[in-house]
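Engineer: Please see the structure below; I have some questions.
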Amino acid sequence: MLANYYELYTANIKIIALGIMHRVLSALFLLLIFCFQNLHAQNGEDQSISARVNVSAEVIQSIELITINTMQFGNAQPGQQEIYVNPVTSLNAGYMIAVGTPNAEFRLNYVPERELTQIDGDGTLTFTYEISGNSIEDQSTSELLELDNRNIRFNEEGQFFIWVGGRVNLQNAAPGNYEGDFTIEIDYI
Amino acid sequence: MINKKKRNNALLGSALFICRTGFLFLLIMVFTTQLSSVSLKAQEIDFGDFSSKYAVTLSELNPAEDLEFGTVIQNEGVKSIDLVDAKILMIEGVKYLDVIVDITADNYLFLDSDVACNGTNTNCIPFTLQAAYANRGSNNTNQAVLMQIASNVASAQFPILARGNQPPGPPPTPVYEGYNPALFNETAYIYIYGSLNVGNVDAGSYSGEITITVSYD
């Protein structure tokens, strides 16, 4: 009986000791977890804020100016005072197509008076240009491009049609062949 | 019976020994954990660790504006936006504290947001980021400091208000009841600009994105 009581007593002590150990270990384990969490929480305190900015650009097609036909004066007759090529009606008018971004507006500039020089001599002629333009390929309905209507627009295919004519005074011209350059400048607006 | 008693005492002693050993082991672990966390930051008093108490804001000077290159023509080549025309952002925060600023930009602007670009396509334009900051209390590009940039990522660390030749200021005032952040805040300015290299690309609308991240050190 005493032996049984002693065994029961020691068994209880063991249970109590193991229970204490278990509790201590559990408490320390929880403490450890808490420490780690605290450490991580401290690192996680870093606040960061962000913003986004858009970058943008609109790319438009570069402009090409394609010469289809050059202007033809033909031969001047003796005594002829002037040569005139009507850009709206003459078949001798030069013909060019400007190609760019569809529907984009552009400005067309040119120097209306250019000097033609004699190829085999010292003679010069002053040529006064006239230009007409159209958004469709139809010379007869093209409009003369004066200083006040040079802000124009490419059509839906990105084309604009240009006819070049002009007049030259032959009164004091020496016989011979003449040549000169003509420059059209087109810029997007 | 005496033997049994001795054996039980021995068992009890073993249990207590394990308990003590375990306790010591865990104590050492806790100690070393704390020690390691301290030693990592032993070289620096990092007031930013307490920055969760302080607000920092990032805003655009002109919110409606992109970094806008406008109209460019095919094969135009390099088109730049200079520092004086840069997109401006404002960082408002505690003037004593350092901020870390990271700016990451797309390497390309994409046609109609089509991001399928390998650098040789005709639907993307190379973009080169440039960035600077001014932290002398005013929006002044003459005071701008250029940021280091690598692979379209710009980074910098600087105080909201430059200290100049002065020693570092005092620790930030703790947040208290009635704390007025305006007394301790200042604004620094970020300038974002850069350039495009427009080659033989398709016509149309191109866009890209720049992300700016700010945090206290």
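Engineer: Which of (1) under 26 Å from B:PHE184 (Cα atoms); (2) within 11 Å of chain A (Cβ to nearest Cβ); (3) crowded, with 17+ Cβ neighbours inside 10 Å does B:MET90 not meet, given it meets every other one?
Structural biologist: (3)
Engineer: Please list, ordered by first then second residue, the pairs with beta carbon atoms under 8 Å, 6 or more apart or interchain, first in the range B:194-217 and more than 7 Å from chain A (Cβ to nearest Cβ) and on the phi > 0 side of the Ramachandran plot, second open to solvent by 40 Å² or more (accessible area, probe 1.4 Å) and modelled with pLDDT of 90 or more.
Structural biologist: B:GLY194/B:SER80; B:GLY194/B:THR128; B:GLY194/B:GLN130
Engineer: Name the residues in the range B:107-129 that are within 12 Å of chain A (Cβ to nearest Cβ) and within 14 Å of B:ASN197 (Cβ to Cβ), would you? Quick ask: steps written out before the conclusion?
Structural biologist: Initially, the range B:107-129 is screened for residues within 12 Å of chain A (Cβ to nearest Cβ), giving B:107-113, B:122-129.
Residues satisfying the conditions are B:ASN107, B:TYR108, B:LEU109, B:THR122, B:CYS124, B:ILE125, B:PRO126, B:PHE127, B:THR128, B:LEU129.
Engineer: Evaluate the following for A:LEU25: is it at pLDDT 60 or above and not in a helix (DSSP H, G or I)? So that I can check it myself, show each step before the final result.
Structural biologist: On the way: at pLDDT 60 or above: yes; not in a helix (DSSP H, G or I): no.
No, not satisfied.
Engineer: Across the range A:43-64, which residue is modelled with the highest pLDDT among those that are open to solvent by 70 Å² or more (accessible area, probe 1.4 Å) and more than 7 Å from chain B (Cβ to nearest Cβ)?
Structural biologist: My answer is A:GLU64.
Engineer: Using beta carbons and a limit of 6 Å, which pairs, at least six apart or on different chains, have the first residue in the range A:76-95 and touching a residue at least 40 places away in the same chain (Cβ under 8 Å) and the second one in a loop (DSSP other than H, G, I, E, B) and among the small types (Gly, Ala, Ser)?
Structural biologist: A:ILE83/A:ALA76; A:VAL85/A:ALA93; A:PRO87/A:ALA93; A:VAL88/A:SER142
Engineer: Need a quick list: strands (runs of 3 or more DSSP E) entirely within the range B:50-162 having at least 1 residues that are assigned by TED's automatic domain parsing to the domain that holds B:GLU186 and acidic (Asp, Glu). Before the answer, list the steps.
Structural biologist: Numbers: elements: B:57-60, B:67-73, B:77-81, B:87-94, B:98-105, B:108-111, B:124-134, B:148-150, B:153-159.
Qualifying strands (runs of 3 or more DSSP E): B:57-60, B:67-73, B:87-94, B:98-105.
Engineer: Moving on. Quick check on A:VAL85: is it within 30 Å of B:THR211 (Cα to Cα) and at pLDDT 90 or above?
Structural biologist: Working: within 30 Å of B:THR211 (Cα to Cα): no; at pLDDT 90 or above: yes.
Spelling it out, it is not the case that A:VAL85 is within 30 Å of B:THR211 (Cα to Cα) and at pLDDT 90 or above.
The values are calculated or read from the model by the stated rules, or taken from the named source; none is laboratory data. For clarity, every value in this text was computed on a predicted model and none was experimentally measured. Virtual Cβ from ideal backbone geometry, glycine too; neighbours counted across all protein chains shown. Heavy atoms of the whole protein, side chains included, go into the accessibility calculation; ligands, DNA and RNA do not. Shrake-Rupley method; radii C 1.70, N 1.55, O 1.52, S 1.80 Å.
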